[in-house]
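Everything on this sheet refers to the single structure shown next.
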Amino acid sequence: MRTQPRVERAHPGAGTYVMIAVILTVITAAEVAVFYIPALAVALVPILLTLSAGKFTLVVMFYMHLRFDSRIFTGVFVAPLLLALAVILSLIVLFKALPQTGS
Amino acid sequence: MTQAATYTHPATATGLDSWKVGFWTFIGSECLFFGSLISTYMVYKGESLVGPTSHEILNIPLTSISTFVLLTSSLMMVLALAAVQRGSRRGALLWLLLTAWFGSLFLGFQAFEFTQFYHEGLTPQKNLFGASFFVLTGFHGAHVTVGVIWLLTLWVLALRGRLGRADALKVEIAGLYWHFVDVVWIAIFTLVYLIQ
Amino acid sequence: MAITKARAATVTAGPHARGGIWSWITTVDHKRIGILYGTSALVFFLVGGLEALLIRAQLARPENGFVGPETYNQLFTMHGTTMVFLVAMPAAVAFFNYIVPLQIGARDVAFPRLNALSYWVFLFGGLFMNSSFLLGQAPNGGWTGYVPLTGPRFAPGLHIDFWVLGLSMLGISSILGGVNFITTIINLRAPGMRLMRMPLFTWMTLVTSFLLVTAMPVIAVALILLIFDRFFGTSFYAPAGGGDPVLWQHLFWMFGHPEVYILILPAFGMVSEVIPTFSRKPLFGYAIMVYSGILIGFIGWGVWSHHMFATGLGPIADAFFAIATMIIAIPTGVKIFNWLATMWGGSLRFSTAMLFAIGVIASFTIGGISGIMHSAAPADLQQHDTYFVVAHFHYTIFGGTILGTFAGIYYWFPKMTGRLLDERLGKWHFWLMFLGFHLTFFPMHWIGLLGMPRRIFTYYDELGLGSLNLLATIGAFTQGVAVVLFLWNLLRSRRHGVVVGPNPWNAATLEWSIPSPPPEYNFAVIPEVHSREPLWERREATPAPPAPEPAIHLPPPSHWPIVVAFGVLLTFGLFLANVWWVPLGGVALVAFGVMNWAFEPGH
């Protein structure tokens, strides 16, 4: 390969990877715990969404190296990701939140 | 054929490898694919005419374990990449095999879950929950299956001593795919299993 | 290194067998794949055009019995599906393939074999869908495939099976193509070819590719759900099982509206190349043109429900989508005015390509304005499903995309063949087509507003629409004559056209710096770019070394793309057997092909 990426920082080592794995496991355990604690039932949805968004971000930034790699990768990934989130959100709003006059 | 004969483009305009740019673009495309499947699931949540539906049938303890299994496979994957980048053939062999093993274990959990549901009367034809659940998790499982085959192929390459430092990019791209499949599961686990 | 050199030498010597059908089947050369795409699109254009003529023949007079309702349903469904997916898109992709690498100073696309795969999957998908005619069971549910009309209950038989499976294949082809062109444009630009120096056509290719990779997965899911409903008895769209047909509409148009811009942006790109060249002026407001193209791509994602005002989404959704639709007219209008400003004060040459480009400005603007009329939700309820809508989208897709593509053909034909298309025949072609087009579709505005619904095989005499419909039919056959003239021109000029050098139009962009037709390796020396109009720069020493660099690596031909594509065809085609495990045979062939592909030497 003649194309040694210039704009990328070095990827982290095994220590960081293991640490991220520990954090991910803790968050997953917390998620399941939240599910079983009745007192948290009212705030269940926002808590779970925040926790899983955190997991998602950690994997993408560290395991998929977006934190260290070129911005171009982030661009071609995040733009469609935002579109996908918009698709999910708008369909939920259209079907669940807005009154429908038809059907 | 020797590696030296591999067709390479002249240095790219961005200095980035084309395979990696292309693969990230493909992952972006996959976001919309899974996004649309998840939308379908969400739109049909609570719209089933007959049971069983999510809260009657989903097995949270079991799926928590399988989620942990898939997360662990992601750790194995980055360790495999680190090993290949170090030039450690033994490390590569070990971690690649473990990644594939944990991936297969996840698939085993899924197969068990699907059979269990089937015996409890949930099929894709039964109701909207069954349809959207099986299609969403089924396509995710198909992605995991492709990933396992991909990893085993790399493992065979490593076994034959054809996965040296220069080939780290191959492992990195397989890793991108694997982690992406993992983050899709992170979303599914929360949206399907925990938020009922 | 020695090995590399030796290999490179052989590669340079003969990566392709020079001729013969096998060299086309295994080619990975972007120029050849471009020609394959273009030729296929042209053949499908004739098929889709014939369908259009049959439709118009049926509608020429009231209560006509030329074709029956069932045939009519198949004709308009396949006309729409063919023209969108098998003509407009592949014709644009033909130019992406042939021109974009030349415009950015590259020797091929980023993934040559993937490119070949895209083509073969597209071709097999198109042939598969059209093979339904042989069984007399062509798709008959409209190009939008609305459920429950296309669900298992109301559409028994193979009609919709062919449609849903064929379209899935085309989607795969488009996603792979999009990935390829995004990577190519990001990564294979020549030194100095910064993003903001790229020709507008390359820019629009980039935006279109982005729309392809994002919009196609959405329709893929819509189609997968329909496949499950039809083959596996689920109820995604079946109200009897709790499903909601409106979900199809949303998923379809979430893809469908970006698709509209997938169709038009490449044509905008072509027009943006032709007009500056024949005005002898750089494009007016280059940066604004780029940004408005990107803006169109993004806003294009937020307007889909304006196709669904009649569905009854409620006032909030209607208002949102109405406003978004009105907003998207702004960047589109910007483009129209910038083209006019480019021509203003230029030294205009009215070649055929230029005439077609100006034809786009005139016709697309009308289609754009009727589009804004649709954006007003209350007015749209009156226009919905009438010929007014048919008039509108033909003004944009024919008046924009097809006329724009003809501009591209007349403009780049000399680059591809080294010969000009005949200008006299070309002008006949233009005027007949332009007048025929307006004669066909302008009356449809009235036909629609007077209440004639689309997709109905006939109409009563008492409606008083006979003469307007006859006018439209005459226009359609006029266009038919124009297409025959074009074909004649194409065939004749390929052998007997005026031979030209590298830059017959005195154009500004890189593709005109190399011989016509370009050699296999495109650029003997990869150029260095200093401006947006490299060939209009006055430079003392134009470096043009005659001999190629010592080692130009070109990928050798490969037959694995067509093998994998055949596997894809089997995977989807075998669904017709209606046994769930049979398609796995196709999957196995895909897997076999991909494995061999991955380890193919020399790539």
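The values are calculated or read from the model by the stated rules, or taken from the named source; none is laboratory data. The structure presented is a predicted model; accordingly, all values stated were derived computationally and were not measured. Please note: Cβ atoms are built from the backbone with ideal geometry, for glycine as well, and neighbour counts cover all protein chains shown. In case anyone asks, the SASA skips ligands and DNA or RNA and just uses the protein heavy atoms, side chains included. Shrake-Rupley method; radii C 1.70, N 1.55, O 1.52, S 1.80 Å.
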Being more than 30 Å from residue C:283 (Cα to Cα) and either within 11 Å of chain B (Cβ to nearest Cβ) or not β-branched (Val, Ile, Thr) (or both) narrows C:251, C:195 down to just C:251
Only one of C:114, C:127 is of a type outside the set (Val, Ile, Thr), open to solvent by 30 Å² or more (accessible area, probe 1.4 Å), within 14 Å of chain B (Cβ to nearest Cβ) and assigned to a helix (DSSP H, G or I), namely C:114
Checked C:283, C:251, C:340, C:348 against criteria (within 23 Å of residue C:215 (Cα to Cα) and assigned by TED's automatic domain parsing to the domain that holds residue C:413); the one match is C:251
Of A:72, A:88, the only residue that is surrounded by 13 or more Cβ atoms within 10 Å (Cβ to Cβ) and farther than 27 Å from residue B:43 by Cα is A:72
request  = Could you tell me whether segment B:160-168 includes any residue that is surrounded by fewer than 20 Cβ atoms within 10 Å (Cβ to Cβ), more than 14 Å from chain A (Cβ to nearest Cβ) and out of contact with any Lys or Arg (no Cβ under 8 Å at 6 or more places or on another chain)?
outcome  = yes
Scanning segment B:58-85 residue by residue, the ones that are free of Cβ contacts under 8 Å to residues at least 60 places away in the same chain and not hydroxyl-bearing (Ser, Thr, Tyr) total 11
Selection from segment B:91-126 of residues touching a helix residue (DSSP H, G or I) at 6+ places or on another chain (Cβ under 8 Å) and over 24 Å from residue B:184 (Cα atoms) yields B:91, B:92, B:93, B:94, B:120, B:125
Of the residues in segment B:37-53 that are part of a loop (DSSP other than H, G, I, E, B) and more than 13 Å from residue B:126 (Cα to Cα), the one that is most open to solvent (accessible area, probe 1.4 Å) is B:46
Inside segment C:183-211, the number of residues satisfying the requirement of being closer than 22 Å to residue B:23 by Cβ and either open to solvent by 10 Å² or more (accessible area, probe 1.4 Å) or more than 16 Å from the chain's Cα centre (by Cα) (or both) is 11
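Across segment C:235-248, what is the number of residues that are surrounded by 24 or more Cβ atoms within 10 Å (Cβ to Cβ) and facing chain B (nearest Cβ under 7 Å)? Step through it out loud before you land on a result.
Of all residues in segment C:235-248, those surrounded by 24 or more Cβ atoms within 10 Å (Cβ to Cβ) come to C:235-237, C:243, C:248.
Within this subset, residues satisfying the condition of being facing chain B (nearest Cβ under 7 Å) are C:235-236, C:243.
Of the residues in segment C:235-248, 3 are surrounded by 24 or more Cβ atoms within 10 Å (Cβ to Cβ) and facing chain B (nearest Cβ under 7 Å).
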Exercise for the section: Looking only at segment A:39-52, decide whether some residue is open to solvent by less than 20 Å² (accessible area, probe 1.4 Å), at the interface with another protein chain (Cβ under 8 Å from one of its Cβ atoms) and not in a helix (DSSP H, G or I). Expected result: no
When every residue in segment C:464-520 that is in contact with a strand residue (DSSP E or B) (Cβ under 7 Å, 6 or more places away or on another chain) and buried (at least 19 other Cβ atoms within 10 Å of the Cβ) is compared, the one nearest to residue C:52 (Cα to Cα) is C:493
Among (1) free of Cβ contacts under 8 Å to residues at least 40 places away in the same chain; (2) more than 30 Å from residue B:42 (Cβ to Cβ), residue B:183 falls short only on (2)
Discussion item. Considering only segment C:257-279, I want to know if a residue exists there that is aliphatic (A, V, I, L, M) and over 26 Å from residue C:397 (Cβ atoms).
Written reply: no
Flagged in segment A:48-83 as touching a residue at least 60 places away in the same chain (Cβ under 8 Å) and of a type outside the set (D, E, K, R), in numbering order, are A:68, A:70
Checked against (1) more than 30 Å from residue C:533 (Cβ to Cβ); (2) at pLDDT 95 or above; (3) of a type outside the set (Gly, Ala, Ser), residue C:156 satisfies every condition except (2)
Apart from one, (1) among the small types (Gly, Ala, Ser); (2) within 24 Å of residue C:90 (Cα to Cα); (3) more than 14 Å from every other protein chain (Cβ to nearest Cβ); (4) surrounded by fewer than 23 Cβ atoms within 10 Å (Cβ to Cβ) all hold for residue C:256; the odd one out is (3)
Margin query: Take residue B:108 and tell me if it is outside any helix (DSSP H, G or I) and more than 12 Å from chain A (Cβ to nearest Cβ).
Written below: no
Within segment C:546-588, residues within 17 Å of residue C:116 (Cα to Cα) and either open to solvent by 60 Å² or more (accessible area, probe 1.4 Å) or part of a helix (DSSP H, G or I) (or both) come out as C:559, C:560, C:561, C:562, C:563, C:564, C:565, C:566, C:567, C:568, C:569
Checked pairs for segment C:211-234, first on the phi > 0 side of the Ramachandran plot and facing chain B (nearest Cβ under 7 Å), second surrounded by fewer than 24 Cβ atoms within 10 Å (Cβ to Cβ) and not in a helix (DSSP H, G or I), C-beta under 7 Å and 6 or more apart or across chains, list as C:233/B:125
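For segment C:303-358: of the residues being of a type in the set (Gly, Ala, Ser), open to solvent by 40 Å² or more (accessible area, probe 1.4 Å) and more than 10 Å from chain A (Cβ to nearest Cβ), which is nearest to residue C:275 (Cα to Cα)? Outline the logic, then answer.
Just the residues of segment C:303-358 that are of a type in the set (Gly, Ala, Ser), to begin with: C:305, C:310, C:312, C:314, C:317, C:319, C:322, C:324, C:329, C:333, C:341, C:345-347, C:351, C:353, C:357.
Now drop any that are not open to solvent by 40 Å² or more (accessible area, probe 1.4 Å), which leaves C:310, C:319, C:345, C:347.
Right, trim to more than 10 Å from chain A (Cβ to nearest Cβ) and you get C:319, C:345, C:347.
Details: C:319: 37, C:345: 12, C:347: 11 Å.
Only one residue tops the list, namely C:347.
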Among helices (runs of 4 or more DSSP H) entirely within segment C:300-410, at least 2 residues that are within 25 Å of residue C:46 (Cα to Cα) occur in C:352-375, C:387-396
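Every residue, every condition in (1) closer than 13 Å to residue C:472 by Cβ; (2) among the aromatic types (Phe, Trp, Tyr); (3) surrounded by 17 or more Cβ atoms within 10 Å (Cβ to Cβ), yes or no:
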| site | (1), (2), (3) |
| --- | --- |
| C:422 | no, no, yes |
| C:438 | yes, no, yes |
| C:452 | yes, no, yes |
| C:456 | no, no, no |
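Tell me which residues, restricted to segment C:411-436, are β-branched (Val, Ile, Thr) and in a loop (DSSP other than H, G, I, E, B).
Our first condition is that a residue be β-branched (Val, Ile, Thr); within segment C:411-436, this holds for C:417.
Result: no residue meets the conditions.
Just one of C:66, C:133, C:76, C:95 is surrounded by 22 or more Cβ atoms within 10 Å (Cβ to Cβ), aromatic (Phe, Trp, Tyr) and either closer than 30 Å to residue C:245 by Cα or more than 19 Å from the chain's Cα centre (by Cα) (or both); which is it? I'd like the intermediate steps shown before the answer.
On the way: C:66 fails: surrounded by 22 or more Cβ atoms within 10 Å (Cβ to Cβ); C:133 fails: surrounded by 22 or more Cβ atoms within 10 Å (Cβ to Cβ); C:95 fails: either closer than 30 Å to residue C:245 by Cα or more than 19 Å from the chain's Cα centre (by Cα) (or both).
Exactly one of C:66, C:133, C:76, C:95 is surrounded by 22 or more Cβ atoms within 10 Å (Cβ to Cβ), aromatic (Phe, Trp, Tyr) and either closer than 30 Å to residue C:245 by Cα or more than 19 Å from the chain's Cα centre (by Cα) (or both), namely C:76.
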In segment C:176-227, residues that are farther than 30 Å from residue B:125 by Cα and assigned to a helix (DSSP H, G or I) total 29
Of the residues in segment B:112-159, those that are among the charged types (D, E, K, R) and either assigned to a helix (DSSP H, G or I) or loosely packed, with under 15 Cβ neighbours inside 10 Å (or both) come to B:113, B:120
Next item on the list: Tell me, please, whether a residue that is in a helix (DSSP H, G or I), more than 10 Å from chain A (Cβ to nearest Cβ) and among the basic types (Lys, Arg) can be found in segment B:67-86.
Entry: no
